[in-house]
Amino acid sequence: MKKEIVADVGNDEVRVGILEDGKLVEYFVERSAKGPLAGNIYKGKVANVLPGMQAAFVDIGLEKNAFLYAGDVNPESLGSFDEHHDEWEEKLPIQEMLKPGQEILVQVVKEPIGTKGARVSTNITLAGRYLVLMPRIDYVGISRRIENEEERARLKALAEELRPSGMGVIVRTAAENIGEDDLKAEMDYLKTLWEDIKRKGLYSPAPRLVYRDMDLVERIVRDVFTPEVTRFYINKKEAYERVVAIVSAMAPGLEDKVTLHHSGADIFQYFDIPAEIEKALQRKVWLKSGGYIVIDRTEALTAIDVNTGKFTGNKDLEDTVLKTNLEAAREIARQIRLRDIGGIIIIDFIDMNSQEHKKMVLDALEAELKKDRTRTHILGITSLGLVEMTRKKVRQSLDEVLERVCPYCGGKGKIRVLE
């Protein structure tokens, strides 16, 4: 598979598209005036505690207070920022853990979406290229994408040896076949970063931003730019030199894959990305065969319907349905990633009688979703023949980033019939 990263760095906006075999599968945009919040760490002040909801609202200096669920409160993180309290019991009610006016260190785990404020947690995570340090959780985990059992065992032993006492670490996919020296160097960096954050947390007034996560270009290099990437295109010389410097520090050996785009044309236009984005904002998506899928978002879930459309097949009905559903499964996985759809997703494939055909479609969907860096979970087919799945929601979806609700119709987009 040919995988490319295309970065358009402007004065007020940075846009990044990720292409697989020439098709856009992920799109990110970051505006300089309003960067992302997810990953940022704040010293906040508890505004109010709601025992009936087992939640609290925390003032972190934003327009809306952040939401802190009881399950995201680590009792050991309360009190002072650098002490562990063994006397805390598990699963205490929130009113016994937090009081209005109390100052706490929290990390944004979910961006503000619609009318809801940001969601925060006291369980801090600091991500590097190979490791994720969890200073407040005693746990060791290995990426599920690393499938070789010997390599998993090696990495787990290294993680146990390198992690500080009482802290947790997750070994990321990029750590596969990476040597001990590189992992140790990153662990030392993450430990130093945590000490600095703790120090700022202790002495800063609340509410205050204590740590800002990496900008978009840095995150792309850290999380996406792996040896599997064929080429990283970028459109400005200054930005190109910066990316090469970041790559040299984070992923030495990949510098030759970074390419300065010399064409006079707009880099996104050159790769035909705007047309793909425009399609991703439409309700209906046509398949090459002539079938189509319809994507409808509601407050509770996203519903996706599959139709044969213009595709009539050339064998029999079952074969036509199977081919349409298989093509739709691959396109649905791509659209979910591209549109960054999160939460509950219900897919209504065309009815199939054959259990073998149902399995083939589910397998095709699962295979495509394995390429998704965001966690997904397929629950199977319901008694009504609907595929249920979930996808972790962290950021705003593509339409929320690029569009706003019409102030006249409130997003309904319909008028009364003439009669």
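The values are calculated or read from the model by the stated rules, or taken from the named source; none is laboratory data. In this text the structure is predicted, and so the values were computed from the model without any measurement. We place every Cβ from the backbone using ideal geometry, glycine too, and count neighbours over all the protein chains shown. With ligands, DNA and RNA removed, areas are computed over all heavy atoms of the protein, side chains included. Shrake-Rupley method; radii C 1.70, N 1.55, O 1.52, S 1.80 Å.
With (1) closer than 25 Å to Thr374 by Cβ; (2) out of contact with any Leu (no Cβ under 7 Å at 6 or more places or on another chain) as the list, and Leu190 as the residue in question, which single condition is left unmet? Status for Leu190: all satisfied but (2). Out of all the residues in the stretch 261-276, is one or more open to solvent by less than 40 Å² (accessible area, probe 1.4 Å) and assigned to a strand (DSSP E or B)? Checked against the condition, which is being open to solvent by less than 40 Å² (accessible area, probe 1.4 Å) and assigned to a strand (DSSP E or B), the stretch 261-276 yields no hits at all.
Scanning the stretch 324-381 for residues that are at positive phi and either open to solvent by 70 Å² or more (accessible area, probe 1.4 Å) or touching a residue at least 40 places away in the same chain (Cβ under 8 Å) (or both) gives Asp340, Gly343.
Residue count for the stretch 116-137 satisfying the condition of being over 27 Å from Thr298 (Cβ atoms), open to solvent by 40 Å² or more (accessible area, probe 1.4 Å) and touching a Leu at 6+ places or on another chain (Cβ under 9 Å): 1.
When you check Val243 against the structure, is it without any contact (Cβ under 8 Å) to a residue 40 or more places away in the chain and either under 24 Å from the mean Cα position of the chain (by Cα) or not in a helix (DSSP H, G or I) (or both), yes or no? Against the criterion (without any contact (Cβ under 8 Å) to a residue 40 or more places away in the chain and either under 24 Å from the mean Cα position of the chain (by Cα) or not in a helix (DSSP H, G or I) (or both)), Val243 does not qualify. Just so you know, in the stretch 294-312 the residues that are of a type in the set (S, T, N, Q) and in contact with a strand residue (DSSP E or B) (Cβ under 6 Å, 6 or more places away or on another chain) include one that is surrounded by the most Cβ atoms within 10 Å (Cβ to Cβ), and it is Thr302. Taking the criterion of being in a loop (DSSP other than H, G, I, E, B), open to solvent by 10 Å² or more (accessible area, probe 1.4 Å) and of a type outside the set (S, T, N, Q), the residues of the stretch 89-107 that qualify are Glu89, Glu90, Lys91, Leu92, Pro93, Lys99, Pro100, Gly101. Inspect the stretch 205-215 for any residue being of a type in the set (Ser, Thr, Tyr), at pLDDT 90 or above and either closer than 15 Å to Ala127 by Cβ or out of contact with any strand residue (DSSP E or B) (no Cβ under 8 Å at 6 or more places or on another chain) (or both) and give the result as yes or no. Yes, because at least one residue in the stretch 205-215 is of a type in the set (Ser, Thr, Tyr), at pLDDT 90 or above and either closer than 15 Å to Ala127 by Cβ or out of contact with any strand residue (DSSP E or B) (no Cβ under 8 Å at 6 or more places or on another chain) (or both).
Results for (1) within 14 Å of the chain's Cα centre (by Cα); (2) part of a strand (DSSP E or B); (3) polar (S, T, N, Q), shown as yes or no for each residue.
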position: Asn353; (1), (2), (3): no, no, yes
position: Val361; (1), (2), (3): no, no, no
position: Asp372; (1), (2), (3): yes, no, no
position: Ile378; (1), (2), (3): no, yes, no
position: Gly411; (1), (2), (3): no, no, no
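Residues of the stretch 110-147 that are in a loop (DSSP other than H, G, I, E, B) and within 19 Å of Arg373 (Cβ to Cβ): Glu111, Thr125, Gly128, Arg129, Tyr130, Ser143, Arg144, Arg145, Ile146, Glu147. It is to be established whether one or more residues within the stretch 236-245 are touching a strand residue (DSSP E or B) at 6+ places or on another chain (Cβ under 6 Å), surrounded by 11 or more Cβ atoms within 10 Å (Cβ to Cβ) and over 13 Å from Val9 (Cβ atoms). Scanning the stretch 236-245, I find at least one residue that is touching a strand residue (DSSP E or B) at 6+ places or on another chain (Cβ under 6 Å), surrounded by 11 or more Cβ atoms within 10 Å (Cβ to Cβ) and over 13 Å from Val9 (Cβ atoms), so the answer is yes.
Rundown of residues vs (1) small (Gly, Ala, Ser); (2) modelled with pLDDT of 90 or more; (3) open to solvent by less than 30 Å² (accessible area, probe 1.4 Å), yes/no style:
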| position | (1), (2), (3) |
| --- | --- |
| Val109 | no, yes, no |
| Gly114 | yes, no, no |
| Arg144 | no, no, no |
| Leu155 | no, yes, yes |
| Glu161 | no, yes, no |
| Val169 | no, yes, yes |
| Ala175 | yes, yes, yes |
| Lys184 | no, yes, no |
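Of all residues in the stretch 27-51, those satisfying the criterion of being part of a strand (DSSP E or B), of a type outside the set (Phe, Trp, Tyr), within 27 Å of Asn11 (Cα to Cα) and at pLDDT 90 or above are Val29, Ile41.
State all residues of the stretch 60-79 that are in contact (Cβ under 8 Å) with a residue 24 or more places away in the chain, within 15 Å of Gly201 (Cβ to Cβ) and open to solvent by 30 Å² or more (accessible area, probe 1.4 Å); if no residue qualifies, say none. Result: Gly61, Glu76.
Any residue in the stretch 30-39 that is within 19 Å of Ala275 (Cβ to Cβ), surrounded by fewer than 20 Cβ atoms within 10 Å (Cβ to Cβ), touching a strand residue (DSSP E or B) at 6+ places or on another chain (Cβ under 6 Å) and not aromatic (Phe, Trp, Tyr)? No, the conditions are met nowhere in the stretch 30-39. Under the condition of being part of a helix (DSSP H, G or I) and out of contact with any Ser or Thr (no Cβ under 9 Å at 6 or more places or on another chain), the residues counted in the stretch 182-229 number 29.
Within the stretch 176-197, being over 20 Å from Asp213 (Cβ atoms) and in contact with a helix residue (DSSP H, G or I) (Cβ under 8 Å, 6 or more places away or on another chain) holds for Glu176, Asn177, Glu180, Leu183, Lys184.
Taking the criterion of being more than 29 Å from Ile341 (Cα to Cα) and out of contact with any strand residue (DSSP E or B) (no Cβ under 6 Å at 6 or more places or on another chain), the residues of the stretch 110-139 that qualify are Pro135, Arg136.
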